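Participant: Structure below; questions to follow.
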Amino acid sequence: MSTAMNFSAKSFTPRPPDKGAFPLDHFGECSAFKEQFMECLRHSGYESAACRQRAMAYLECRMDRDVSIRALLCNAS
């Protein structure tokens, strides 16, 4: 209740993320790639470097289906 009565606080102005949003894959078109990546992470003790190829395959799937904006994958690694 005290925060609702605090008129001296600056108002928050939302702004979009610098590199855009990461849209959801509503139709599950890339869920198989995501599951392979997640399984690799679990087996490697969540060491992402060991699963880089699967992460790139997942991102390529998203870009091929226009779920994500096409970007150079060399910037993602």
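The values are calculated or read from the model by the stated rules, or taken from the named source; none is laboratory data. None of the values given here were measured: they were computed from a predicted structure. Heads up, the Cβs are rebuilt from the backbone with ideal geometry, glycines too, and the neighbour counts pull from every protein chain shown.
Participant: Residue under question is GLU39, and the condition is that it be at pLDDT 90 or above, in a loop (DSSP other than H, G, I, E, B) and either out of contact with any Leu (no Cβ under 9 Å at 6 or more places or on another chain) or surrounded by fewer than 14 Cβ atoms within 10 Å (Cβ to Cβ) (or both); does it hold?
Facilitator: When the stated conditions are applied, GLU39 does not pass them.
Participant: Okay, next question. Confirm whether ALA21 is under 16 Å from the mean Cα position of the chain (by Cα) and at pLDDT below 90.
Facilitator: yes
Participant: Suppose the filter is among the acidic types (Asp, Glu), surrounded by 10 or more Cβ atoms within 10 Å (Cβ to Cβ) and either outside any helix (DSSP H, G or I) or modelled with pLDDT of 95 or more (or both); does GLU60 pass it?
Facilitator: When the stated conditions are applied, GLU60 does not pass them.
Participant: Still on this structure, please answer the following. Return yes or no: is ALA55 modelled with pLDDT of 95 or more, of a type in the set (Gly, Ala, Ser) and surrounded by 12 or more Cβ atoms within 10 Å (Cβ to Cβ)?
Facilitator: Judged against the criteria, ALA55 is not a match.
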